[in-house]
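Taken together, the values in this text are just the output of simple stated rules run on the coordinates, not laboratory data. Given the structure is predicted, the values throughout are model-derived calculations rather than measurements. Reconstructed Cβ throughout: ideal geometry from the backbone, glycine too, with neighbour counts over all protein chains shown.
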Ligand code: ASP
C-alpha cells in the first residue's frame, strides 16, 4: 500500500509524472470523473483553511464522495483512541484518508491500521508533503528548469513542517536552499548556507519562501513582539526593489509581519497561485494513490 507521509515517499519520476497530470488537469475544461464512486475521508485534528478545503475540492472535482469528520463532535472527544477511530473509519471502506494532527508521526502510525492510502495533511513540525509539492509545481511553472535556482527559506524554519518538506524535495530537484532566520528559529542542519541577515543574500536568490512564525508550537515567547521580528525579516518592497524574484508563502500570512501589503499585491508574489495550483496537485496525487493502490490490491 502506497501512502504519502512525507515527500520521500515519491521518487523524482513519480513527482514529474504527478506534475504532468496536474498540468493536464489545470488546462482541462471538461469534468473529471476518475474517482467516481470512491470515498475520501478527511480528519483534521488541527486547524486548517487551505489544505482541508483544497483536498476536499480536489476530491469533488474528480467526482469522489467526501466525508469530513468533525473532530470537535467525534468520539475522540469521548475518549476513543486515535487508533480505534482509524479502525472504525477503515471499516467503512474509504478509498483514502487525509489526516492532519498536531503530533508528528500520527499519519505514519495510522497507515499501519488502515487498508487505504493515508495522505498527510501536516503533522506537527514534521512534514507537509502536498504543500512542498505544490510549491515546487509553482516554481517549475515559472522557471521551467529549476536546477541551480537559489531559494531563501525565511522565518521560523525550526518549527515548520513546510520548511522540512521543502528542504527535502527542493534539494532533490537541484535547487540550492539558503536558510534565513533569527537564531532561535534556525534548525540544526548541516550543509546549508545560513544567515540571520536577509540583506546578505538578497542579491543572489531567485525565490524567497516566507514562513509564518509558528507561535502555537513555541513553549516560551521567543520574540518580544512579532513587530520586532518583522523589522528584520518582513519581505518589503524596499528589500526586493525591482529584482526578478519569486515570492512564496504557504499561508496563513501574517500581513506586514511576514510579507508587507505592497509585496502581497505585487505580481512577483505567487501566494494565490500556490493556492490555485494546490487543488490540481492534490487532484493528481489522490488519483495516483487511489488508482495505483486499486490496481495493486488483492
Ligand atoms: N499552512 C501551513 C501548515 O499547515 C503553514 C502554516 O500554518 O504556517 O503548516
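The C-alpha atoms of the stretch 126-214 occupy a region whose extents along the principal axes are 34, 29, 22 Å, arranged from largest to smallest. A simple spin-label model places pseudo-atoms 7 Å from Cα toward Cβ; at residue 228 and residue 188 they are separated by 2.5 nm. Note that the chain, at 4 °C in a medium of 1.567 mPa s, gets a Stokes-Einstein diffusion coefficient of 65 µm²/s from its Kirkwood radius over C-alpha pairs. Paramagnetic label reach from residue 93 (point 7 Å along Cα→Cβ; backbone nitrogen cut-off under 20 Å): within the stretch 107-121, residues 113-118. A straight chain from residue 268 to residue 109 at 0.36 nm per residue would run longer than the Cα-Cα distance by 53.3 nm. Note: relative contact order over the chain, using C-alpha pairs below 8 Å and six or more positions apart, is 21 percent.
Once the Cβ-Cβ distance of residue 143 and residue 37 is raised to the sixth power relative to R0 = 41 Å, the FRET efficiency obtained is 0.60. Compute the angle between helix 82-91 and the longest alpha-carbon principal axis of the chain, please, reported from 0 to 90 degrees and rounded to the nearest 10. That helix lies at roughly 50 degrees to the long axis. When DSSP beta bridges are restricted to pairs lying wholly in the chain, around 5% turn out antiparallel. When the chain is modelled as a GNM with alpha-carbon springs shorter than 10 Å, which of 148, 251, 122 fluctuates the most? Judging by the Gaussian network model, the answer is 148.
Say a paramagnetic label sat at a point 7 Å from the Cα of residue 173, along Cα to Cβ; which residues of the stretch 201-245 have their backbone N under 15 Å from it? 206-209, by backbone N distance to the label point.
Evaluate the Debye formula for the stretch 72-150 with equal point scatterers sitting on the alpha carbons, no solvent, and hand back log10 of I(q)/I(0) at q = 0.13, 0.14, 0.17, 0.18 Å⁻¹, in q order, two decimals. Treating every Cα as an identical point scatterer, log10 I(q)/I(0) equals -0.52, -0.58, -0.74, -0.79. Please determine, in degrees from 0 to 90 and to the nearest 10, the orientation of helix 161-172 with respect to the longest principal axis defined by the Cα atoms of the chain, where the helix direction is its Cα long axis. Roughly 80 degrees between the two axes. Between 107, 250, 94, the Gaussian network model of the chain with springs among Cα atoms under 10 angstrom shows the greatest mean-square fluctuation at 94.
The angle between the Cα long axis of helix 271-296 and the longest principal axis of the Cα atoms of the chain comes to about 30 degrees, rounded to the nearest 10. Over the stretch 64-156, Cα pairs under 8 Å with separation of 6+ residues give a relative contact order of 19 percent. With a ≥ b ≥ c taken as the square roots of the eigenvalues of the C-alpha gyration tensor of the stretch 67-113, please select rounded if a/c is under 1.5 and otherwise prolate if a/b is larger than b/c or oblate if it is not? It is rounded, given that a/c, with a ≥ b ≥ c, falls under 1.5. Annotation for residue 81 and residue 13: the two label points, set 7 Å from Cα along the Cα-Cβ direction, are 4.0 nm apart.
Among 247, 183, 167, the residue with the largest mean-square fluctuation in a Gaussian network model of the chain, with springs joining Cα atoms closer than 10 Å, is 183.
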